[in-house]
Amino acid sequence: MPTDAADLDPSATPTITVRGDAVIRVEPDEAMLWITLSAVKDTPGPALSDVSERGTALAAMLDEHGVAKADRSTTGVTVYEDFDHTESGRRSLGHRAISRVSVRLTDPELIGQLITRATRDLAARIDGPRWQIAPDNPVRLDAAHEAAADAQRKAQAYAAGVGAKLGPLLRLTEPDAPFTSVRAAGGLRPMVAEPMPIDPGEHEVEASIHATFALDTN
């Protein structure tokens, strides 16, 4: 409900509580890319050696493209026995080793080059890019400012609708998740020789605020 009843106490100051919202579209600052290398061999050692060798090649590839070590991270290494389920029961396929690396990138052209080279040269699986708006991007404060202004406009409109004047601001609170930046592409595995075209587009930064104002009904 947009209004408070002031606990139905005639002596209490009437108030109004509204939610202000704002959405600003902006190009993302960066993207996260996950590169997964896997191999299946008869025993764990050779499978892990295969993945390790290609992981070294991936590191060299990232160095070649100028990706700083601070912008990449090994997020997991797994070795396990893989099975195929048949009518006669489980059949071992061998031992699978998996290594996953996350990479933070800002250049869409570089993202496309890495996707193409990693899949072509290293038989990698690609997840992403997942686009992000940086926490310190000024557009977040712009969205907050617009959300607060939207709340005040709504409160003034409600007050005018009941023949009251908008009084001073009494309370200003954010919802649990005031900002969101969404939209992600996932599961790409291009098998092409030319660099994969990547277009970041524009993404939404949202802000919401709850504002409570006093009402002058005299």
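If you go through the stretch 2-29 and pick out every residue that is open to solvent by less than 40 Å² (accessible area, probe 1.4 Å) and modelled with pLDDT of 90 or more, you end up with 7.
None of GLU206, GLU109 is open to solvent by 50 Å² or more (accessible area, probe 1.4 Å), closer than 20 Å to GLU27 by Cα and either touching a Ser or Thr at 6+ places or on another chain (Cβ under 9 Å) or at pLDDT 95 or above (or both) except GLU206. When ARG120 is tested against (1) at pLDDT 90 or above; (2) touching a Ser or Thr at 6+ places or on another chain (Cβ under 7 Å); (3) more than 26 Å from GLU27 (Cα to Cα), only condition (2) is not met. Looking across the stretch 13-42, the residues that are out of contact with any His (no Cβ under 7 Å at 6 or more places or on another chain), assigned to a strand (DSSP E or B) and either of a type in the set (S, T, N, Q) or without any contact (Cβ under 8 Å) to a residue 40 or more places away in the chain (or both) come down to THR15, THR36, SER38. Look at GLY163 and say whether it is small (Gly, Ala, Ser) and either surrounded by fewer than 17 Cβ atoms within 10 Å (Cβ to Cβ) or in contact with a His (Cβ under 6 Å, 6 or more places away or on another chain) (or both). Considered against the rule, which asks whether it is small (Gly, Ala, Ser) and either surrounded by fewer than 17 Cβ atoms within 10 Å (Cβ to Cβ) or in contact with a His (Cβ under 6 Å, 6 or more places away or on another chain) (or both), GLY163 comes out as yes. When the stretch 181-203 is filtered for residues that are modelled with pLDDT under 60 and open to solvent by 50 Å² or more (accessible area, probe 1.4 Å), the ones remaining, listed by number, are VAL182, ARG183, ALA184, GLY186, LEU188, ARG189, MET191, VAL192, ALA193, GLU194. Give the residues of the stretch 69-96 that are open to solvent by less than 30 Å² (accessible area, probe 1.4 Å) and under 28 Å from the mean Cα position of the chain (by Cα), sorted by residue number. Correct list: GLY76 only.
Could you list, in sequence order, the residues of the stretch 112-130 that are in contact (Cβ under 8 Å) with a residue 60 or more places away in the chain and either β-branched (Val, Ile, Thr) or open to solvent by 30 Å² or more (accessible area, probe 1.4 Å) (or both)? Within the stretch 112-130, GLN113, ILE115, THR116, THR119, ARG120, ASP121, ALA123, ARG125, ILE126, ARG130 meet the criteria. Residues satisfying the criterion are absent from the stretch 155-167 (criterion: charged (D, E, K, R) and at pLDDT 95 or above).
Applying a threshold of 9 Å to beta carbon distances and a minimum spacing of six or more residues, or different chains, the list of pairs starting in the stretch 166-184 at a residue that is within 30 Å of LEU33 (Cβ to Cβ) and among the basic types (Lys, Arg) and ending at one that is open to solvent by 70 Å² or more (accessible area, probe 1.4 Å) and modelled with pLDDT under 95 reads ARG183/ARG130.
The values are calculated or read from the model by the stated rules, or taken from the named source; none is laboratory data. Keep in mind it's a predicted model, so treat the numbers as computed, not measured. Reconstructed Cβ throughout: ideal geometry from the backbone, glycine too, with neighbour counts over all protein chains shown. All accessible areas refer to the heavy atoms of the entire protein, side chains included, with ligands and DNA or RNA removed. Shrake-Rupley method; radii C 1.70, N 1.55, O 1.52, S 1.80 Å.
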